[in-house]
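Each remark here refers to the structure printed beneath this line.
The values are calculated or read from the model by the stated rules, or taken from the named source; none is laboratory data. Given the structure is predicted, the values throughout are model-derived calculations rather than measurements. Heads up, the Cβs are rebuilt from the backbone with ideal geometry, glycines too, and the neighbour counts pull from every protein chain shown. These accessible areas exclude ligands, DNA and RNA; they are computed on the full protein's heavy atoms, side chains included. Shrake-Rupley method; radii C 1.70, N 1.55, O 1.52, S 1.80 Å.
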Amino acid sequence: MWWHNKLFKKIGQIDPNVAWSTFCDYFWITVGLALYTVAYSAFLLPYKIVGGGVTGLATIVFYASDIPVDYTYLVINALLLGFALWILGWRFLAKTIYAIGVLTAMLHFGVSLVTDDSGALILILGEGQEFMALVVGCAIAGLALSIVFLHNGSTGGSDIIAAILNKYKNFSMGTGIIAMDFFIISSSLFVPQFGDMVQRVQIVVFGLISMFVETQVLDMIMNRRRSSVQFLIFSEKYQEIANAIGIRMDHGVTILDGHGWYTGKKRHVLCILARNTESDQMFRIIKEIDPQAFVSQSRVIGVYGEGFDAIRH
């Protein structure tokens, strides 16, 4: 049949490396979503900690009306996706759609695990442990989101709105997300089910602290994962060092021509951009070949291109 032949022709055109990379992205996004479910279901929701994003809004709706968080999360994201698909397209939102579907199912399952027979949420850390639950929950949530973002995923919600604003206005995504999260957390003041005004103010303060802790953990992990360094290596055995790094580390090396100011002699300098995690192996190779080599190592803000991060607009 024509469609059968066309399908196998399309499959045959798929690059195995691209397919494996895509599979790994979806695998790690799923792991990140599972960790986020643990943080939200076990630590944040039971202790009435209202964070940012759609999950924070779902928490407010849950305590105000008893509507399950997964219902609110799915409905709000479905509305946002319908609008965003028209503006941003399927390609940008493919992993977001996957993440929203999977996280909706995970939240339903996770919340059911921490709900007792009477319908009350179980306080895993015990009574009066709101701050500890905030720290543990937000640390896990920050780790979870960093895994999702590092594999080009998104959990939807405020990310979608910020992306739309970023496309049409001179408005950074970070600023957009912070503004929306602040608005969501502050709206807790108008929910009587959270208690009297003192208790509601406490929830808002805890929510703002949770936003800070989560973003700090997120930034720390992402910056650590993406941090790169630049090596400048001065050595008479530059060719041997370049060969060893190129062959043993499968790493590119650039040889710069220079000359000494005092001696006036020409010399070659190796310039290498590498991941921070590759530094130890780089130093071992240099020391093994030329212990007297002069080496400069400096941290760089970002490296984009083949072997590093993709250039994003």
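Observations on the structure shown:
- For residue 237, the stated conditions hold: it is modelled with pLDDT of 90 or more and either in contact with a helix residue (DSSP H, G or I) (Cβ under 9 Å, 6 or more places away or on another chain) or under 22 Å from residue 292 (Cα atoms) (or both).
- Filtered by the rule that a residue be in contact with a strand residue (DSSP E or B) (Cβ under 6 Å, 6 or more places away or on another chain) and hydrophobic (A, V, I, L, M, F, W, C), region 222-240 gives 229, 231, 232, 233, 234.
- Residues being within 34 Å of the chain's Cα centre (by Cα) and surrounded by 14 or more Cβ atoms within 10 Å (Cβ to Cβ) - total across region 207-241: 21
- Helices (runs of 4 or more DSSP H) contained in region 35-131 and holding at least 1 residues over 18 Å from residue 157 (Cβ atoms) and either among the polar types (S, T, N, Q) or open to solvent by 50 Å² or more (accessible area, probe 1.4 Å) (or both): 53-65, 90-113
- Close pairs from region 207-219: first assigned to a helix (DSSP H, G or I), partner among the acidic types (Asp, Glu) and surrounded by 17 or more Cβ atoms within 10 Å (Cβ to Cβ), Cβ under 7 Å, at least 6 apart: 211/181
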